[in-house]
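Notes follow the structure.
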Amino acid sequence: RTAGCDPVTFQPCSDKALASLKVYVDSFRQIYPINQGRAPNAAVATGRYQEDVYYGGQVSNLSLCSYPIRILIDFRSPKPWYLTTAAVAEQLYDALIVWSSEKSLTITPTSLPFFRQFLPSAKTGTYKSSSSTYKTLIPAIKAFADGFIRVVAEYTPADGALSEQYHRNNGTQTSAKHLTWSYASILTADAARKGL
C-alpha cells in the first residue's frame, strides 16, 4: 500500500501494470476456444504466454546437458493455467486495495485503454472516491476480477482438484495433478480480495 501506484516499481495499480494486464488478457481472448463468445471486457482463461508449449501431446527428443530426454510438446496447443488466471484477479484486487486506501485513482494516457473497457467515456485525470467515475470504475473492476475466479471455478472439477493447466478446448484438467501453486494462487487471490 505504501508504494501506491508507482510505475517505476511496477505496482499492481500503476498505469504500466494495468496497460500490460489489458494486453496480456486480451492476447488470450481468441487463442483458446473456451474463451470464444465471451464479451470483450469479460474475464477469460489465461496462460503464461501465447506461444507456451510447456505441455502437450507430441513426443519429441531433446538433448540437454548431454543427456537425451523425451518431452511432450504440442506446438499447436498452448493451454490456460489456473494460477495465471487467478493471478489476474489478484493483481486487480491488489489495485483495488490501494485505490480504496488512497480514496482515489488516476487514469493516465498509458492506462486509459484499461479503464475504457469498463467506462468507455473515461478520460485521463485523478478521480476521488466521491466522483461518479470512481464509483463506476471500482465495482466494475471488482466484478472483472471476480470473473477470473469464476473462470477458474468453471473449469474446476466437482472434487475441487486443481491441476497445473486445463484444456483450451473443453477445460478438462491436464499436466501436473494437484499442483500446489494452483491452490496457492487461489488462496492469495482470496486474501487480496479480502483486502489483505
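The values are calculated or read from the model by the stated rules, or taken from the named source; none is laboratory data. What you see is a predicted model, and the numbers here were worked out from it, not measured in a lab. Note: accessible area is taken over every heavy atom of the protein model, side chains too, but ligands, DNA and RNA are not part of it. Shrake-Rupley method; radii C 1.70, N 1.55, O 1.52, S 1.80 Å.
Based solely on its DSSP helices, what 222 nm [θ] is calculated for the chain when runs of n ≥ 4 H residues each add -39,500 (n - 2.57) and the sum is averaged over all residues, nearest 500 deg cm²/dmol?
-12500 deg cm²/dmol
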(message) Students often get this wrong, so try it: which of (1) 0.96; (2) 1.08; (3) 1.03 is Rg/Rh (Cα atoms, Kirkwood Rh) as calculated from the structure shown?
(response) (3)
(message) Please list the three semi-axes, largest first and in whole Å, of the ellipsoid equivalent to the range 4-49, using sqrt of 5 times the eigenvalues of its alpha carbon gyration tensor.
(response) 25, 10, 7
(message) Let's test this: bin the Cα-Cα distances of the range 95-196 at 10 Å from zero up to the farthest pair and state each bin's percent.
(response) 13, 36, 25, 20, 6
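Quick one: pull the percent of accessible area on the chain belonging to carbon and sulfur, 1.4 Å probe, ligands and nucleic acids left out.
Values: 5910 of 10210 Å².
It is 58 percent, rounded to a whole number.
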(request) Would you mind checking K16/K79; K135/K194; K22/K123; K22/K142; K79/K194; K103/K142 for any pair whose Cα atoms are more than 22 angstrom apart? (result) K16/K79; K79/K194
(request) Provide the per residue accessible area, probe 1.4 Å, for the chain, rounded to a whole number of square angstrom. (result) 52 Å²
